[in-house]
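The values are calculated or read from the model by the stated rules, or taken from the named source; none is laboratory data. Values in this document were obtained by computation on a predicted structure and should not be read as measured data. Here the Cβ positions follow ideal geometry from the backbone for every residue, glycine too, while neighbour counts run over all protein chains shown. Ligands, DNA and RNA are excluded from the accessible area calculation, which covers all protein heavy atoms including side chains. Shrake-Rupley method; radii C 1.70, N 1.55, O 1.52, S 1.80 Å.
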Amino acid sequence: MAAAIASNSVSFAGGLLTNTNQNVPFLRNPARDAAIGIDGVYSNPAGVAFLDNGFHLSLNIQNARQTRTIKTGFPLFNYNALNPGQTVHKFKGTADAPVIPSIQAAYNKGDWSFQFGFAITGGGGKCEFANGLGSFEQVVSAVTTYAPAINGLYETLAASGIPGMADHKMGNKYAYDSYMRGRQYYYGFTFGAARKLNDNLSVYGGLRMLYGSSNYYGYVKDIKVEHIQGTQSEMVNASQHFTELAAQLNYYAGAMEQSGNHAAAQQLTAAAAKATELSVGTQDIELNCDQTGWGIAPIIGVDYKTGGLNLAAKYEFKTRMRLKNKSANSASADGIGMLSRFADGKKVAEDTPAMLTVGAQYSFGNSVRLNAGYHHYFDVDTKQYTKDMLGDTNEYLLGAEWDINKTLTVSAGGQRTQYGLKDAVMNDISFNVNSYSFGLGVAVNVTDKVKINAAYFQTLYDDYDMTNETTMTTNSFTRTNRVLGVGVDLKF
């Protein structure tokens, strides 16, 4: 259970914990790193200085839906009472973000451009696994390995002369109830200024402030085992059953002690202690943890244009984030080491990686533009990862725009995202897989001062398969993702 609750959230194109879909123009053409427009407040802030004098405002709303699918294989899954005989189980989560807002604004006067941006820069919704995850079930299925110990306790009772104990035993079936939900929002605010040094070159400097808010809720409860008495079999609550067995053992231990059979009493007392241990190990576990924190990092950028060619680069520094827990976990969670990161009052490292983007745009006349871009995310330098777990993320982008006339623009583009994935970082806690994304859409100039943007964006994910020979576990990971967006750009 501990392994599965850690970090499930909505995320889109970009490095770990980074959303790059911060405006609708990105959805219709992801290669915006050297484009000049109001959306450049995020993608090319230095280039915004080349917009006309006046106030520019972009308002955007996106709707996103993701699924996460994990196929987990484990030998003990064969004994699941509700799904018997299957060693590979499928776990599917859905992540919905009905409304993702963003704002980009700039005031240009002379050689200066003063800019503000707001967007959901990480997370953006909640991910829900109605039946928990494979790592939940792996922990629960291990209860079947208790059978030899439990049956030994029944044999101890029978050997002590307790009537009827010889026909009691524990079977190999298990059942349980589980659920997991993760919700995460990173609210990003950027403040900065760009300045034209001449007609061809501009530079930018700014700050990004992030405020993170997360909640992780999940449980594993009502773990059941098979109890057999003679020819009758039933599924019983494991913790309650083992508690009752411990009480029974202690009762007869007292009786043996009173009769002077000290050896039998000691044997029964030891057996009762074992039953109590198993009862504790199968108690319900509930996790309910809120996390909040914030961080600030600088951003720098440059834009250079000559003829029909525009070149741009941006570097966002790493944002150091420490999220503080406010938890209402069950008492049974306190003794589990893996859940210590969710202990009440603890601070958890959740850095956002530094990011370098470079881009080029070439204009053919005044109506056709070709775009290319490259993103590098310094994921390894964040607090929670090492080079033994993964490498940095790289993205490659291409796109094109065509002004059909003064009113209508069509555009399309694609993006390849490659994570430096290693098995050490891949699990159903939080996984990323390499992907291809494409977007397409239109821009409609309603007037000289009003532009409407509409777009569709889809990501096609690879599969990532892995096998752990030590634990005899297999996993196959993949996702789906689609985003719809509409926005309006205004000039004043």
Got a number for the accessible area of TRP402? Probe 1.4 Å, square angstrom, nearest 10. 130 Å²
Phi angles of the range 207-214, converted by Karplus (6.51 cos²θ - 1.76 cosθ + 1.60, θ = phi - 60°) into ³J(HN,Hα) in whole Hz with x for Gly and Pro, give 10, 10, 10, 10, 10, x, 9, 9
Computed accessible area, SER259, all protein chains, 1.4 angstrom probe, square angstrom: 80 Å²
Just to be sure I understand the model, the point goes 7 Å from the Cα along the line to the Cβ. What's the resulting ILE452 to THR386 distance in nm? 5.5 nm
Approximate shape of the chain as ellipsoid semi-axes (Cα gyration tensor, √5λ), whole Å, largest first: 59, 21, 17
Residues of the range 235-255 with backbone N under 19 Å of the label point set 7 Å from the Cα of THR269 along Cα→Cβ are 245-255
Expressed as an acute angle from 0 to 90° and rounded to the nearest 10, what is the orientation of the C-alpha long axis of helix 262-281 relative to the principal long axis of the chain? 20 degrees
Can you give the accessible area of ARG416 in Å² (nearest 10), computed on protein heavy atoms with a 1.4 Å probe? 40 Å²
Note down the nm distance, to one decimal, between modelled labels 7 Å out along Cα→Cβ at ASN215 and at LYS109. 4.4 nm
For LYS173, what residues show an amide H to amide H distance below 5 Å, using hydrogens built from the backbone and excluding near sequence neighbours? GLU226
At a 1.4 Å probe radius, carbon and sulfur cover how many percent of the accessible area of the chain? 57 percent
THR94 paired with ASP423, simple spin-label distance in nm, labels 7 Å along Cα-to-beta-carbon: 3.4 nm
Working out 0.36 nm times the residue gap between THR231 and TYR251, then minus their Cα-Cα distance, what length gain in nm do you get to one decimal? 4.6 nm
Roughly how many whole Å is it from the C-alpha centroid of the range 326-393 to that of the range 204-271? 38 Å
Can you give the FRET efficiency to the nearest 0.05 for HIS262 and ALA159, using r as the Cβ-Cβ distance and R₀ = 22 Å? 0.90
Determine which lysines satisfy two conditions relative to LYS224: a Cα distance under 25 Å, and not lying fewer than 8 residues away in the same chain. LYS71, LYS90, LYS92, LYS169, LYS173, LYS274
Using the Karplus curve 6.51 cos²θ - 1.76 cosθ + 1.60 with θ = phi - 60°, work out ³J(HN,Hα) for each residue of the range 445-457 in order, rounded to whole Hz, and write x for Gly and Pro. 7, 5, 9, 5, 10, 10, 10, 9, 10, 9, 7, 10, 9
Given a 1.4 angstrom probe, what's the average accessible area per residue across the chain, in square angstrom? 43 Å²
The answer for ILE162, listing residues at least 5 apart or on another chain whose modeled amide H is closer than 5 Å to its amide H, is none
So how do ILE296, ILE452, ILE70 rank on accessible area, 1.4 Å probe, biggest first, that is with the largest at the start? ILE296, ILE452, ILE70
Need the full-extension length gain, TYR362 to THR69, defined as separation in residues times 0.36 nm minus the C-alpha distance. One decimal, nm. 101.5 nm
From the phi of every residue in the range 189-198, what ³J(HN,Hα) in whole Hz does the Karplus formula 6.51 cos²θ - 1.76 cosθ + 1.60 yield, where θ is phi - 60° and glycine or proline is x? 10, 10, 10, x, 9, 10, 9, 6, 7, 7
